[in-house]
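Written out below as structure tokens is the structure these notes cover.
What follows is calculated from the coordinates using simple rules that are stated; it is not laboratory data. Quantities reported herein were computed from a predicted structural model and do not represent experimental measurements. Because the Cβ atoms are built from the backbone with ideal geometry, glycine has one as well, and the counts that use them run over all protein chains shown.
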There are 2 protein chains.
Amino acid sequence: MEETMINHATFIQIEDGSVGTPKGYKTGGQHIGLRTKLPDMGWIYSEVPASAAGVYTTNLFQAAPLQVTKASIAEQQKLQAILVNTVSANSCTGQQGIDNAYTTRKWMAEHLGISDHLVGVASTGVIGLQLAMDKMKHGIDQITLDLPKAPFEKAILTTDTKTKHLAVQFEIDGQNVTIGGACKGSGMIHPNMATMLGFVTTDAAVEPDELKQALKAVVDKTFNRITVDGDTSTNDMVLVLANGLAANKPLSAQHPQWPVFVKGLEMVCQGLAKYIAADGEGATKLIEVQVSGAKDDHSAEVISKSIIGSSLVKTAVFGSDANWGRVICAMGYSGESFDTNKVSMALGDIVLFQNGMPVDFDEEQAIKYLNGHNVVIKAMLGEGNGKAVAWGCDLTYNYVKINASYRS
Amino acid sequence: MEETMINHATFIQIEDGSVGTPKGYKTGGQHIGLRTKLPDMGWIYSEVPASAAGVYTTNLFQAAPLQVTKASIAEQQKLQAILVNTVSANSCTGQQGIDNAYTTRKWMAEHLGISDHLVGVASTGVIGLQLAMDKMKHGIDQITLDLPKAPFEKAILTTDTKTKHLAVQFEIDGQNVTIGGACKGSGMIHPNMATMLGFVTTDAAVEPDELKQALKAVVDKTFNRITVDGDTSTNDMVLVLANGLAANKPLSAQHPQWPVFVKGLEMVCQGLAKYIAADGEGATKLIEVQVSGAKDDHSAEVISKSIIGSSLVKTAVFGSDANWGRVICAMGYSGESFDTNKVSMALGDIVLFQNGMPVDFDEEQAIKYLNGHNVVIKAMLGEGNGKAVAWGCDLTYNYVKINASYRS
């Protein structure tokens, strides 16, 4: 358990916490035969309908499950259950794909005895492959809320090598509130949502409209700040459910502790986002880019994304090469303007570049630093107070290996 | 020799043609000790001052040699010689770097007995490394115009595996006109100039202002349509010299055969650009993306660059995986809007996707096609008459290998 104190609020990270940790949620998964052996279907259930909000891929091709989940939430701004399948992304599958997504939603609702529109659906896997409907039907029929056959966190993975989950606890109105989350995502990860599914639950009571605004703001600073390979998938989605069982007064921007809730949501989303970056396909290192001194936050964000998105920066980190020129170069083609003579750059605390010029540094020390699993690249612009952080991973042989033969 | 007839003009591709092929040019290279053994300095010389124009990187950090070459051309819109060095990019080298570039320009001018401002300089290599001035001086002193020690095309290479050059010949005003070119570039290749140096010469007489416009228009459709890894370097430059020794009437947009000259220039630049894409770091295949039916040419260009820039498309081609979903996905996140239900996609003549839906295709046939060295991806939008072509290469283990240890 780790405690953090921010704005007089104490945030406790719950050991092994996840999307099933807040009050009133049940989660699980099972093997339904989409994959050879591994669990391939997951579900989240709330004892009561929960305020729900989502953010979705910006890709023009938007997969069927996203369209159906949007329709579910549009009905009443509530969800009570989420069904996730792997192997087929149910994307570019035409009307049949949309019909299939609606049918699985209906089967799930019937199985749980709730209304159709209280079910959200999510898919990840190969684009263009229709859902194996017989397996989906059989799988849904097998769901036992109290006796899951596999952990949800594991059942939603594809090329991920690790489960990704966490939960934090804090007080609102004197009540313990918990926010938990789990996600999957490994390749096709890039700002503006990627083949990335994120599920966040809380037992806090939150007004749905403001839950949506908070989610959007937080996702922009967390999930949308990670990149693995610059590809934005058709299936990305982050959903948040707030079922109110913590018995706090409903949260909205007017509530004095609203910033505490938003901070908790950010901690969960940032933690999940970093797990995804660190588990990027083939990754051996988590890269954190910290931009400061930009003319404003937006400019800092654009520059941070340009650096973290550079294949040459990523391969240099993989090779433990303190090639600051590639970082500088990525800043220069970001599209943002700044005075190149004021730019400085460091790897952790090792300054490599100062006021537009290289600095003599200890190569051995830099290599030692780059051999670690967490690499922090700091870019300082000396223009103003704008700052931003972005996360990514190194580009390795294994990235190529994994993606050269994904379908086979 | 290959003949092409366009607009009643016949273009002959000259066997083994290069930047030294047009009348009145001498080119060469030599080993001056920057690299261990390989030639590392190259030069181009025209018997008479030539109309000159250049296009330069859009990176905010613009290397010293680009600034100096711009200053040279600004003087009189003419160049008579170009000096190229490898190993040091002379970028992010501050005032010393600029002073050094001016000094090498002066040395070269003195050695050739011409004015300083008739010399252009170009560098490629590691960013932040100052020029080894003693070696540069000694190297320039050793230049013998009539007895080059190495071919220019070879002396400008870094991680390139092949020399890249060609020349075409056609008639203007009844005179034979030749355009030749050579280039280097392998990694950090992306639209808007990359670590790419292109040198084009012609014996045609061309008005300098219009030479510049023609170069800009042609580069936008050729060099700026290739990508290897999405990184735009600080040193990219394409220079064109036109020395007038073909004795045609000076070409400008008013000349009836202006389109013939521009077409010839495009053929040379397109050929060089494709050589670069095919020789991308670690590449095993040339990928050509043909977008058609877009709402306009600009839209087609954006979509073509999005597809050719996708790491997932590039790894799929490397793995001979007919993963059309990744192509569709890259179209969807290009930022351009179109009706996804009208989109079709083919690999060569094998249609994989039609009107927004996957098509049953012969996987064996697709794998066989993808095993070839030239892969054409066709994306058809059914919206209008906009079209564009872009070139790139597959993403392989060797790309990672080369870039994980570039400096060592």
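Among chain A residues, the one whose Cβ is nearest the axis of the rotation from A to B, given with its distance rounded to whole Å, is A:397, 3.
Taking other Cβ atoms within 10 Å as a rough exposure proxy, A:179, A:402 sort from fewest to most as A:402, A:179. Taking other residues whose beta carbon is less than 14 angstrom from the beta carbon of residue B:222, and scoring Lys, Arg as +1 and Asp, Glu as -1, yields +2. Peptide packing: for B:368-374, B:31-37, the average count of neighbouring Cβ atoms within 10 Å per residue gives the ranking B:31-37, B:368-374, highest mean first. Each copy carries residue A:362; placing its label point 7 Å along the C-beta direction from Cα gives inter-copy distances of 6.5 nm, listed from smallest up.
A protection proxy built from the mean count of other Cβ atoms within 10 Å ranks the segments B:270-280, B:103-113, most packed first, as B:270-280, B:103-113. Tally Lys/Arg at +1 and Asp/Glu at -1 over every other residue whose Cβ is under 15 Å from the Cβ of residue A:136; what's the total? Around residue A:136, the surrounding residues sum to 0. Counting Cβ atoms of other protein chains within 10 Å of each Cβ in B:49-62 and taking the mean gives 3. With R₀ set to 30 Å, the beta-carbon distance separating residue A:363 from residue B:374 gives a calculated FRET efficiency near 0.10. Among the residues of A:90-99, the average count of other protein chain beta-carbon atoms within 10 Å of the residue beta-carbon is 3. The residues neighbouring residue A:275, those whose beta-carbon lies less than 12 Å from its own, together hold a net charge of +1 under the Lys/Arg +1, Asp/Glu -1 convention.
Contact order, relative form, for chain A: 17 percent (alpha carbon pairs under 8 Å, 6 or more residues apart, mean separation divided by residue count).
Copy-to-copy label distances for residue A:75, where each label lies 7 Å from Cα along Cα-to-Cβ, are 7.7 nm in order of increasing length.
Counting other Cβ atoms within 10 Å as a rough exposure proxy, the listed residues B:133, A:196, B:331 run B:133, B:331, A:196 from fewest neighbours to most. Here the dipole of the protein assembly as shown is about 560 debye; that uses its Cα centre as origin and unit charges on the Cβ of Lys and Arg (positive) and Asp and Glu (negative). Residue ranges B:8-21, A:161-174 sort as A:161-174, B:8-21 when ordered by packing (mean number of other C-beta atoms within 10 Å per residue, highest first). With a threshold of 18 Å on the Cα-Cα distance, the over-threshold entries among A:314/A:342; B:285/B:314; A:184/A:212 are A:314/A:342; A:184/A:212. Annotation for residue A:145, label-to-label distances across the other copies: 9.0 nm (shortest first, one decimal, point 7 Å from Cα along Cα→Cβ). This ranking places A:99, A:321, A:134 by how few other beta-carbon atoms lie within 10 Å of each, fewest first, which gives A:134, A:99, A:321. The charge dipole of chain A, taken about the Cα centre with unit charges on the Cβ atoms of Lys, Arg (+1) and Asp, Glu (-1), comes to about 860 debye, rounded to the nearest 20. Averaged over peptide A:356-363, how many Cβ atoms belonging to another chain are found within 10 Å of each residue's Cβ? Average per residue, whole number: 3. Please name whichever of A:147, A:177, A:158 sits farthest to the positive end of the charge dipole of the stretch A:52-207, dipole taken about the Cα centre and charges placed at Cβ: Lys and Arg +1, Asp and Glu -1. So the residue furthest toward the plus end is A:158.
Proximity of backbone amide H atoms, modeled 1.01 Å from N, is registered between residue B:172 and B:177 at under 5 Å, excluding neighbours fewer than 5 places apart on the same chain. Each part gets one Cα centre, and for the stretch A:76-110 versus the stretch A:281-324 those centres are 36 Å apart. Estimated from helices alone, the mean residue ellipticity of the protein assembly as shown at 222 nm is -9500 deg cm²/dmol (sum of -39500 (n - 2.57) over DSSP H runs with n ≥ 4, per residue).
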